[in-house]
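What follows is a single structure, written as structure tokens, with notes after it.
Quick note: the coordinates plus some simple rules give every number you see, no bench work behind them. The structure displayed is predicted, hence computed values, not measured ones. Positions of Cβ are backbone-derived with ideal geometry, glycine not excepted, and every protein chain shown enters the neighbour counts.
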Amino acid sequence: MAFTVSINGSPRSVDVDGDTPLLWVLRDVLGMTGTKFGCGMALCGACTVHIDGNATRSCITTIDNVGDSKVTTIEAIGTTPAGAKIQKAWLDREVPQCGYCQSGQIMSASALLASNAHPSDSDIDDAMSGNICRCGTYGRIREAIKLAAQTK
């Protein structure tokens, strides 16, 4: 089936089955490999993208459920105000170690900051729960989100 999806501000046409996960459309059909496969069950957060600004697990979101929504991936998150702040803070706080989970972490953190300019520790915990970091950089992730929230 043919679908036209708005990805990072541009219409993209794909010919896939309607039940194809957005993750595989991004990675395999469109060649956008910044969004990672982790668990395939929406448990780890590696595949997080924004759909209409909301952090969404692309491994369980089928292409036919995207519809007219706007999809933003890690490739374009730096063009948003919250995403640019988060990416800079990530570097300033040296968050990544192996880096595998980082695109999902950044997408979740950017969605949080876009909806809540001054998140509390509880807000951060809630927004970032379900994003797993095998390297355990959770402390630096929290510091980076707090730094980004202080940035004007």
>> Stokes-Einstein diffusion coefficient for the range 2-72 at 4 °C in a medium of 1.567 mPa s, Rh from the Kirkwood formula over Cα pairs: what value in µm²/s?
In response: 110
>> Give me the three principal axis extents of the range 77-150 from the C-alpha atoms, as integers in angstrom, largest value leading.
In response: 27, 25, 17
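Determine the relative contact order of the range 77-150: mean sequence separation of Cα pairs under 8 Å and six or more apart, normalised by residue count, in whole percent.
Working: 76 pairs, mean separation 32.7, N = 74.
Relative contact order for the range 77-150 comes out at 44 percent.
Using the per-residue mean of other Cβ atoms lying within 10 Å as a proxy for protection, in what order, highest first, do the peptides 141-150, 89-98, 45-54 fall? Walk me through the numbers on the way to the answer.
Numbers: 141-150: 20.2, 89-98: 16.7, 45-54: 21.8.
Sorting 141-150, 89-98, 45-54 by mean packing, highest first, produces 45-54, 141-150, 89-98.
Antiparallel versus total DSSP beta bridges in the chain: what percent is that, nearest 5? Walk me through the numbers on the way to the answer.
Working: 13 of 15 bridges.
Taking every DSSP beta bridge within the chain, about 85 percent pair in antiparallel fashion.
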> By how many nm would the segment from Ala42 to Cys135 grow when fully extended, if each residue of separation counts as 0.36 nm and the alpha-carbon distance is taken off?
Replying inline: 31.6 nm
> What is the Cα coordinate range of the range 49-92 on the first, second and third principal axes, sorted by size from largest, in whole angstrom?
Replying inline: 38, 18, 15
>> Give me the percent relative contact order of the chain, please, defined on Cα pairs under 8 angstrom at least 6 residues apart.
In response: 23
>> Once each part is reduced to its C-alpha centroid, what is the distance from the range 1-33 to the range 89-152 in angstrom?
In response: 27
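Give the calculated FRET efficiency between Leu30 and Thr62 to the nearest 0.05, with a Förster radius of 22 Å applied to their Cβ-Cβ distance.
On the way: r = 15 Å, r/R0 = 0.70.
So the FRET efficiency works out to roughly 0.90.
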